[in-house]
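Report on the following structure.
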C-alpha cells in the first residue's frame with residue numbers, strides 16, 4: 001500500500017511538471033505563450049499565429065480506440081480502483097465459474113476437476129486469517145446496511161476506515177460485528193454530515209439502539225475521533241422530501257432554525273426534534289400543513305417532542321401561527 005501511494009505521488013509530480021512545461025512553452029514566431037496541445041495530431045500549436053511549435057509527440061494513451069462507454073470498458077485491460085470497502089481492497093483475483101476456456105469451449109472433465117480444486121484453494125487463500133474473515137463479513141454487512149440506508153460511497157469509505165482502525169486497536173474482539181458496523185456507519189455519517197439517526201440504523205441492523213450507542217461511544221473514545229456537532233438544518237431537506245413539501249417550505253424551515261441558532265435556542269436540543277418543529281411551523285405559514293404525527297414518524301421522534309420544540313420556537317422567536 002505504501003508503494004502504491006509513493007508511486008501515485010511520483011506520477012502526479014510528473015504530470016504537474018508536464019503541465020508546467022506546456023504552460024511555459026513559447027512560440028518562436030510571435031513570442032506568445034498561448035500554446036495548446038492537439039491530442040489527435042500530437043502537436044503543440046500556437047493559438048495566436050497558428051505555428052506548429054512541436055510535432056510528432058508520443059501518445060501515452062491506449063493503442064485502441066473506443067466510441068462507447070461499453071466498448072471502452074470491454075477493451076480496458078485494468079481492473080477497478082482499489083477501495084477499503086472490500087476486505088482485500090480489491091487486489092485479489094478470482095477464478096470464474098463458467099468452466100470454459102478462452103475460446104468459449106467447454107472444459108474436459110479432467111480439466112474441470114483441476115479448475116475446481118484451484119478455485120477452492122483460491123477462495124481459501126483469499127480469506128486465510130481471522131482478521132480477513134472478520135473484514136470479509138463486516139464489509140459485506142456494511143455494504144448491505146449502506147444500501148438500505150441510502151448513504152453515499154464517501155460515508156461507506158469513512159466507516160470502513162474507522163472499522164479497520166478499530167480492528168487494529170482490537171476493539172472488535174468480544175463484540176458483535178453488526179453492532180460495531182452500525183456504530184461505524186453512524187460515525188461516518190456524522191463526520192460526512194449525512195443525516196442518519198441511531199433509530200434508523202438500529203431498525204436496519206437488527207441491533208438495539210442502546211447497544212449501538214454503547215459501541216459508538218467506545219469507538220469515539222478509544223480512537224479519539226472528533227465528531228462535528230449535529231446540525232438540525234442537515235435534516236431539513238431529507239424530511240421535507242419524505243413529507244413531499246416544496247422547496248419554499250424547506251427554505252422557510254432553514255431560516256427559522258438559523259434564527260433559533262442566533263437566539264441560542266438550539267444548544268443542548270435534539271437536532272431531529274428541532275428540524276421537525278421547524279418543518280411543522282414552516283408548513284403552517286406556507287399553507288403546506290402536515291400533522292404532528294406525520295412529522296414525528298418521519299423524524300423518528302415523539303409527538304410530545306415536536307409539540308414542545310414547536311411551542312418553544314414560537315414563544316422565543318415571537319412567531320404568529322394560526323392553527
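The values are calculated or read from the model by the stated rules, or taken from the named source; none is laboratory data. Just so it is clear, the model here is predicted, and its values are computed rather than measured. Cβ placement follows ideal geometry from the backbone for every residue including glycine, while neighbour counts extend to all protein chains displayed.
For the range 205-217, give me each residue that is surrounded by fewer than 17 Cβ atoms within 10 Å (Cβ to Cβ) and in a helix (DSSP H, G or I). Walk me through it before giving the result.
Filtering the range 205-217 down to residues surrounded by fewer than 17 Cβ atoms within 10 Å (Cβ to Cβ) leaves 206, 208-210, 213-214, 217.
Selection gives 209, 210, 213, 214, 217.
Give the range 265-310 a look and list any residue that's touching a residue at least 12 places away in the same chain (Cβ under 8 Å) and on the phi > 0 side of the Ramachandran plot, or say none.
300
Regarding residue 300, is this residue surrounded by fewer than 19 Cβ atoms within 10 Å (Cβ to Cβ) and farther than 18 Å from residue 194 by Cα?
no
Taking the condition without any contact (Cβ under 8 Å) to a residue 40 or more places away in the chain and more than 30 Å from residue 287 (Cβ to Cβ), does residue 244 pass?
Judged against the criteria, residue 244 is not a match.
Does the range 247-269 hold any residues that are under 29 Å from the mean Cα position of the chain (by Cα) and surrounded by fewer than 16 Cβ atoms within 10 Å (Cβ to Cβ), and which are they?
So the first thing to find is which residues in the range 247-269 are under 29 Å from the mean Cα position of the chain (by Cα), and the list is 247-255, 257-258, 261, 266-269.
Result: 247, 248, 251, 255, 258, 261, 267, 268.
Inspect all residues belonging to the range 68-82 and state whether any of them is out of contact with any helix residue (DSSP H, G or I) (no Cβ under 9 Å at 6 or more places or on another chain) and modelled with pLDDT of 85 or more.
Yes, some residue in the range 68-82 is out of contact with any helix residue (DSSP H, G or I) (no Cβ under 9 Å at 6 or more places or on another chain) and modelled with pLDDT of 85 or more.
Under 25 Å from the mean Cα position of the chain (by Cα), surrounded by fewer than 13 Cβ atoms within 10 Å (Cβ to Cβ), free of Cβ contacts under 8 Å to residues at least 60 places away in the same chain and under 23 Å from residue 125 (Cβ atoms): does that describe residue 73?
Details: under 25 Å from the mean Cα position of the chain (by Cα): yes; surrounded by fewer than 13 Cβ atoms within 10 Å (Cβ to Cβ): yes; free of Cβ contacts under 8 Å to residues at least 60 places away in the same chain: yes; under 23 Å from residue 125 (Cβ atoms): no.
Criteria not met by residue 73.
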